[in-house]
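Colleague: Following this message is one structure expressed as structure tokens.
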Amino acid sequence: MIEIKNLHAHVEGDGTEILKGIDLTINAGEIHAIMGPNGSGKSTLSKIIAGNPEYEVTEGSIVFERDFKKIDILELEPEERARMGIFMAFQYPVEVPGVTTSLFLRTAFNEVCKAHGVDEMDALDFNEYLKSKMAMLDMDDKFINRPVNVDFSGGEKKRNEILQMAVLNPMFNVLDETDSGLDIDSMRIVADGVNKLKNDNNAFLVITHYQRLLNYIVPDYVHILHDGKIIRSEGKELALQVEEKGYDWLLS
Amino acid sequence: MIKPSDEKILNEKTIEENQLSRREYQYGFTTDIEMDRIPKGLNEETIRLISEKKNEPEWMLEWRLKAYKHWLTLKEPTWPNFEYGPIDYQGISYYTAPKNKPKLDSLDDADPELIKTFERLGIPLTEQKRLAGVAVDAVFDSVSVGTTHTKELEKVGVIFCSISEAIQNHPELVKKYLGAVVPYSDNFFAALNSAVFSDGSFCYIPKGVTCPLELSTYFRINAAESGQFERTLIIAEEGSYVSYLEGCTAPMRDENQLHAAVVEILTLDNAEVKYSTVQNWYAGDKEGKGGVYNFVTKRGKCEGANSKISWTQVEAGSAITWKYPSVILKGDNSIGEFYSVALTSHKMEADTGTKMIHIGKNTSSTIVSKGISTDESNNSYRGLVKFLPSAENSRNYSQCDSMLVGNKCSANTFPYIEANNPTATLEHEASTSKINAEQLFYLTSRGLDLEQAISLVINGFCKEVFKELPLEFATEAVKLLEMKLEGSVG
């Protein structure tokens, strides 16, 4: 579904290279985890996949495959990537005062519909659709009537990210340290949501510092990122080893 | 003063590139029409000439002359938070009117150029095309060229006409109320207006009547080197209600044009007036050349108990906006409201806000001000909340929010509070925020394009004000802001 080749990148306007040649292939139906110490480039990778303009890619490619078409997404705007089915759950979801979560979700949903030539939904129909998604995720949150992420608790913010994922129904999902700042109950709700959304046609890239999230979202592959490079790729057991021994033994 | 400096929002190059593509002011056209205009300059003769052209009664001329003499003793104020080149009051023509002014009851016979002009502005005036549900008084340069729906309004006793007609047909009302809220001696520009005002709208809502239509005045400045000095007077008798809308545009000209209007509103017991403005005067080009000086005195007086005056304004045009729509809360339990969105772009300046003067018992006022500054513009909120010793148990809530777009603009807040009654309650909240790259990335990564993302953020920011506008006006206001912001973030 997505093929990252020899990806090099740095912060726009700052020459220090953060990603130093990433290769990663993820197929439909798979869950991959990326782990690594602070500053290894984990979040940078997720932001580049989503198209954050703060980063500049100097080399390499990210090819996304959909409907038998292969597209290098690096030239695309964030909204074009989103409409194609790429989604990133933010580590720090952003506040949008005065805009209700439901209006935001409907606007985004209709943009995706438009891009695929599907009729847009009116407020009433969308409300039903939204309710069905919330029921599926076991969320009875009232936060959909509140401004996007304003005064949300840490758990609400992350649940909102998963709800957006459920509503937009993307193909390739990146979870950028979704577990950071979450208590165990919220983490379970988030993980359950991901497990419900997962199917044979979509794929997940879970970026995390700690192993504990991977107890709930069980990956097919675990990659260790260090200093802008993937230094090791194995099955889910690798995460347990990191939990036990830390990162140092991998770095030496 | 808050100036964004080091924070990385956008790089300047992108801003400038985008500005090139920003949509032109779409109302900047001029109408080629034969005009009756008096020579430039201002003296007693000018005032006599205006009064004569309008065939005014003697008392009106005397009032004008008193105002003029008072004006001569005043100095132009210099306290606002902006500077402007000297205004040559002798370089302005104080009366410019289309030659073929239509007769009162035959707008269909008006100069087709005029009808076309207003149609281009989205204000159809002819019988067949006029807007349903809204009565419009169309003011072109110095005069009202026509008022729609007058007959329908007459049935319920509502008088809605140009102020010139009111002076002729309802002199007792004009004499009684003109200057009752804004006396000619009020300030420099109000005195000037009182001396030379050429037209404007007059509304009288009789006792117990809820006006069945929205009343609206559309102001259009067309002629060069002319000023527009209109005067609007709204009187709401006991238990009456009216919603009044005001819109304004002007052609693109390199010289600045002066617009010094006066609006007076008076509400008696249990009456309510809702006054909404969408101001889109030409703002000058991006170098700051040309544009309208919008120096306006707007004031309402809640004379009666339980009466209410509400100002809602969306200020998106003018090179300089300088006005403080205010409410004097004299009647017990009266309510004053001010909801404002002021957007400045390029090199525009705005120094706007309100005054809430609490005199009666249990009076309350609400101020919600949203300032959006982009490019190199400067946007100030200035407001006074005053409680007189008589204002027992009165309260004010003020909220002043500023949003900065880009890193060369500035926003300022000047709140003045005078509380002379210990039972008064005051709440003041202020915030400054920015449209930042992180916010826009978040929204675009969900499938919204940049313009949609910006408009969502701005609409969210202005929500409390937009919801006060009549529906059609709210849509227009949103579109106007989107157009003005196009390309300023990105």
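The values are calculated or read from the model by the stated rules, or taken from the named source; none is laboratory data. Quantities reported herein were computed from a predicted structural model and do not represent experimental measurements. Cβ coordinates were reconstructed from backbone atoms using ideal geometry, including for glycine residues, and neighbour counts include every protein chain displayed. When the accessible area is computed, the model is the full protein with side chains, heavy atoms only, and any ligands, DNA or RNA have been set aside. Shrake-Rupley method; radii C 1.70, N 1.55, O 1.52, S 1.80 Å.
Colleague: (1) crowded, with 24+ Cβ neighbours inside 10 Å; (2) in contact with a Lys or Arg (Cβ under 9 Å, 6 or more places away or on another chain): which one isn't true of B:Ser380, the others all being true?
Modeller: (2)
Colleague: Given the criterion over 30 Å from B:Leu440 (Cα atoms), modelled with pLDDT of 85 or more, in a helix (DSSP H, G or I) and open to solvent by 40 Å² or more (accessible area, probe 1.4 Å), identify the matching residue among B:Leu61, B:Leu49, B:Leu74.
Modeller: Of B:Leu61, B:Leu49, B:Leu74, the one residue that is over 30 Å from B:Leu440 (Cα atoms), modelled with pLDDT of 85 or more, in a helix (DSSP H, G or I) and open to solvent by 40 Å² or more (accessible area, probe 1.4 Å) is B:Leu49.
Colleague: When you go through B:Gly360, B:Gly406 one by one, which is the residue that is modelled with pLDDT of 95 or more and crowded, with 21+ Cβ neighbours inside 10 Å?
Modeller: Every option except B:Gly360 fails the conditions.
Colleague: For the subset of segment B:419-446 comprising residues that are under 30 Å from B:Arg395 (Cα atoms) and not polar (S, T, N, Q), which member is farthest from the other protein chains (Cβ to nearest Cβ)? Steps first, please.
Modeller: Going residue by residue through segment B:419-446, those that are under 30 Å from B:Arg395 (Cα atoms) are B:419-433.
Then drop every residue that is not not polar (S, T, N, Q), which leaves B:419, B:422, B:424, B:426-430.
Values: B:Ala419: 30, B:Pro422: 34, B:Ala424: 29, B:Leu426: 24, B:Glu427: 19, B:His428: 18, B:Glu429: 13, B:Ala430: 14 Å.
Restricting to residues being under 30 Å from B:Arg395 (Cα atoms) and not polar (S, T, N, Q), the top hit is B:Pro422.
Colleague: I would also like to ask the following. Would you check if A:Ile26 is of a type outside the set (D, E, K, R) and either under 30 Å from A:Asn215 (Cβ atoms) or away from chain B (no Cβ under 14 Å) (or both)?
Modeller: Here the answer is yes, as A:Ile26 does meet what is asked.
Colleague: Could you list all residues from segment B:181-218 that are touching a residue at least 24 places away in the same chain (Cβ under 8 Å), under 20 Å from B:Lys69 (Cβ atoms) and surrounded by fewer than 22 Cβ atoms within 10 Å (Cβ to Cβ)? It would help to see each step written out before you state the result.
Modeller: Filtering segment B:181-218 for residues touching a residue at least 24 places away in the same chain (Cβ under 8 Å) gives B:181-182, B:184-218.
With under 20 Å from B:Lys69 (Cβ atoms) added as a condition, the list becomes B:182, B:184-198.
Across segment B:181-218, the qualifying residues are B:Ser185, B:Asp186, B:Asn187, B:Phe188.
Colleague: Against the definition (more than 13 Å from chain B (Cβ to nearest Cβ) and either out of contact with any Ser or Thr (no Cβ under 7 Å at 6 or more places or on another chain) or modelled with pLDDT under 95 (or both)), how does A:Ile18 come out, yes or no?
Modeller: yes
Colleague: Let me ask another. If A:Gly39 meets every condition in (1) surrounded by 15 or more Cβ atoms within 10 Å (Cβ to Cβ); (2) part of a loop (DSSP other than H, G, I, E, B); (3) more than 14 Å from chain B (Cβ to nearest Cβ) apart from one, which number is that one?
Modeller: In the conditions (1) surrounded by 15 or more Cβ atoms within 10 Å (Cβ to Cβ); (2) part of a loop (DSSP other than H, G, I, E, B); (3) more than 14 Å from chain B (Cβ to nearest Cβ), A:Gly39 misses (1) alone.
Colleague: Within segment B:352-373, track down each residue that is under 26 Å from B:Leu266 (Cβ atoms) and either touching a residue at least 40 places away in the same chain (Cβ under 8 Å) or touching a Leu at 6+ places or on another chain (Cβ under 9 Å) (or both).
Modeller: B:Gly353, B:Thr354, B:Lys355, B:Met356, B:Ile357, B:His358, B:Ile359, B:Gly360, B:Thr363, B:Ser364, B:Ser365, B:Val368
Colleague: Would you mind stating whether B:Leu450 is open to solvent by 50 Å² or more (accessible area, probe 1.4 Å), of a type outside the set (Gly, Ala, Ser) and under 19 Å from A:Ala50 (Cβ atoms)?
Modeller: Values: open to solvent by 50 Å² or more (accessible area, probe 1.4 Å): yes; of a type outside the set (Gly, Ala, Ser): yes; under 19 Å from A:Ala50 (Cβ atoms): yes.
It is true that B:Leu450 is open to solvent by 50 Å² or more (accessible area, probe 1.4 Å), of a type outside the set (Gly, Ala, Ser) and under 19 Å from A:Ala50 (Cβ atoms).
Colleague: I want to confirm something. Restricting to segment B:254-279 and keeping residues that are open to solvent by 10 Å² or more (accessible area, probe 1.4 Å) and more than 25 Å from B:Ser194 (Cβ to Cβ), which single residue is nearest to the chain's Cα centre (by Cα)?
Modeller: For segment B:254-279, the residue satisfying everything is B:Lys274.
Colleague: Is it true that some residue in segment A:216-232 is more than 26 Å from A:Leu19 (Cβ to Cβ) and either open to solvent by 40 Å² or more (accessible area, probe 1.4 Å) or in contact with a helix residue (DSSP H, G or I) (Cβ under 8 Å, 6 or more places away or on another chain) (or both)? Talk me through it step by step, then tell me what you get.
Modeller: The first filter runs over segment A:216-232 and keeps only residues more than 26 Å from A:Leu19 (Cβ to Cβ), leaving A:216, A:218.
Then drop every residue that is not either open to solvent by 40 Å² or more (accessible area, probe 1.4 Å) or in contact with a helix residue (DSSP H, G or I) (Cβ under 8 Å, 6 or more places away or on another chain) (or both), which leaves A:216, A:218.
Yes, segment A:216-232 has at least one match.
Colleague: Can you name every residue in segment B:447-490 that is at the interface with chain A (Cβ under 7 Å from one of its Cβ atoms), of a type in the set (D, E, K, R) and either out of contact with any Asp or Glu (no Cβ under 7 Å at 6 or more places or on another chain) or closer than 18 Å to A:Gly98 by Cα (or both)?
Modeller: B:Lys463
Colleague: Something else now. On the basis of being touching a residue at least 60 places away in the same chain (Cβ under 8 Å), within 14 Å of another protein chain (Cβ to nearest Cβ) and surrounded by 22 or more Cβ atoms within 10 Å (Cβ to Cβ), does A:Ile62 make the cut?
Modeller: no
Colleague: Sticking with this one: Taking segment B:385-399 as the search range and keeping residues that are assigned to a strand (DSSP E or B) and open to solvent by 30 Å² or more (accessible area, probe 1.4 Å), which one is farthest from B:Phe82 (Cα to Cα)?
Modeller: So, considering only residues that are assigned to a strand (DSSP E or B) and open to solvent by 30 Å² or more (accessible area, probe 1.4 Å), the one farthest from B:Phe82 (Cα to Cα) is B:Arg395.
Colleague: Working only within segment A:2-15, note down all residues that are under 13 Å from A:Ile26 (Cβ atoms) and buried (at least 19 other Cβ atoms within 10 Å of the Cβ).
Modeller: A:Ile2, A:Ile4 - these are the residues of segment A:2-15 that are under 13 Å from A:Ile26 (Cβ atoms) and buried (at least 19 other Cβ atoms within 10 Å of the Cβ).
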